[in-house]
Structures are given as structure tokens and as C-alpha cells.
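**Student:** This structure is in C-alpha cells; I'll ask about it shortly.
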Amino acid sequence: MSWSEVPGTDHWQLRVDRIRGLLWLERTSVPFGAAEDLTPSLVKFRKLLVRIEGGPPRRLLFDLRKAPGRNDDAFEQSTKKLRLMLSELFDRVAILVRSQAGRLQVDRLNRSEGPAGAAETEIFTEENVATEWLTRAST
């Protein structure tokens, strides 16, 4: 692998693979307190993207496997901004979850909002399948 680390935050870790043109955004295991805590975290995330030399790649591996499970309405509503932002910033987004339950939750949220941007988005439970999909030519 050719991943290089970008300094992250308590909630987000970033790695860049310039050879394959990928950005890996990993949600850490640090929980958010209240749902409204997500918004300042998103501001920090956008600042992280600015630090990436040459700008961030247009294909994202969004790794949620370490994220604490959470499905309360307030938190799911607050994540809408994140999903919209990712769909606007990236051409392809592979969402990596740890279980089928996580896959169902992410799929439900994506379907409930309808198309949120231009990004092709798929949900995966296997890292190698997700990165393979990201590096394949768009259909």
C-alpha cells in the first residue's frame, strides 16, 4: 500500500494514496457527545482537506468500522450534512462498515434522502472490495 498519513483530529484520521488517487477518511472510535457536536467536527474535517498537498483526491474510502454505533434520530439528522458534503467533494465514495446492520443503516439513510450530489456511492463490508471498486473506471 502507498498510504501517507495526514494529521487528523479526535474523530477523523486521513490517509492519501496519490498513486491510486484515493483519500481514506477513517472515523475513529471516539464518540460524539451530542448530535450537534458533529457540526464543529465537520469544520475541522474540511480544514484537514486543505492541508493535503495538491488537494484531496476525488475518490474517497469512508471507513466507519471503528465508529461507535448510533441510530438516534437527532444524530442521524446531523449526519445529513456530512453525507451531502462528501457527495459534493468526491466523484466516488466507498463507505466501509463493519457489519450487515451497519450496511442496512447507511443504505436506509442514503435512500431516505435520495440523490444528494454527483458522487457514485456504494457500501461495503470488505476493504479490498471497496478499494477495488474505487480504483476501477467509472461506469
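Listed here are the residues, each with its yes/no results for (1) modelled with pLDDT under 80; (2) under 19 Å from V129 (Cβ atoms).
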site: P31; (1), (2): no, no
site: D63; (1), (2): no, yes
site: A101; (1), (2): no, yes
site: N110; (1), (2): yes, yes
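**Student:** Another question, then. Within the range 35-69, which residues are without any contact (Cβ under 8 Å) to a residue 24 or more places away in the chain and either part of a loop (DSSP other than H, G, I, E, B) or crowded, with 17+ Cβ neighbours inside 10 Å (or both)?
**Tutor:** The answer is E53, G55.
**Student:** Restricting to the range 84-99, name every residue that is aliphatic (A, V, I, L, M) and at pLDDT 85 or above.
**Tutor:** V93, A94, I95, L96, V97
**Student:** Still on this model: Just the residues that are more than 16 Å from the chain's Cα centre (by Cα) and either crowded, with 19+ Cβ neighbours inside 10 Å or of a type outside the set (A, V, I, L, M, F, W, C) (or both), please, taken from the range 6-30.
**Tutor:** Matches in the range 6-30: P7, R18, R20.
**Student:** From E76, E122, E26, E132, which residue is out of contact with any Cys (no Cβ under 9 Å at 6 or more places or on another chain), more than 21 Å from G8 (Cα to Cα) and in a strand (DSSP E or B)?
**Tutor:** Matching residue, one of E76, E122, E26, E132: E122.
**Student:** Can you tell me which residue within the range 70-104, out of those that are without any contact (Cβ under 8 Å) to a residue 40 or more places away in the chain and among the basic types (K, R), is nearest to V30 (Cα to Cα)?
**Tutor:** Checked the range 70-104; the qualifying residue nearest to V30 (Cα to Cα) is R70.
**Student:** Can I ask one more? Can you find even one residue in the range 19-29 that is farther than 22 Å from T121 by Cα and at pLDDT 80 or above? Even if it seems obvious, please write down each step before you answer.
**Tutor:** So the first thing to find is which residues in the range 19-29 are farther than 22 Å from T121 by Cα, and the list is 29.
Subset that is at pLDDT 80 or above: 29.
So far as the range 19-29 goes, yes, one or more of its residues are farther than 22 Å from T121 by Cα and at pLDDT 80 or above.
The values are calculated or read from the model by the stated rules, or taken from the named source; none is laboratory data. All values reported here derive from a predicted model rather than from experimental measurement. In this analysis, Cβ positions are derived from the backbone assuming ideal geometry, glycine residues included, and neighbour counts consider all displayed protein chains.
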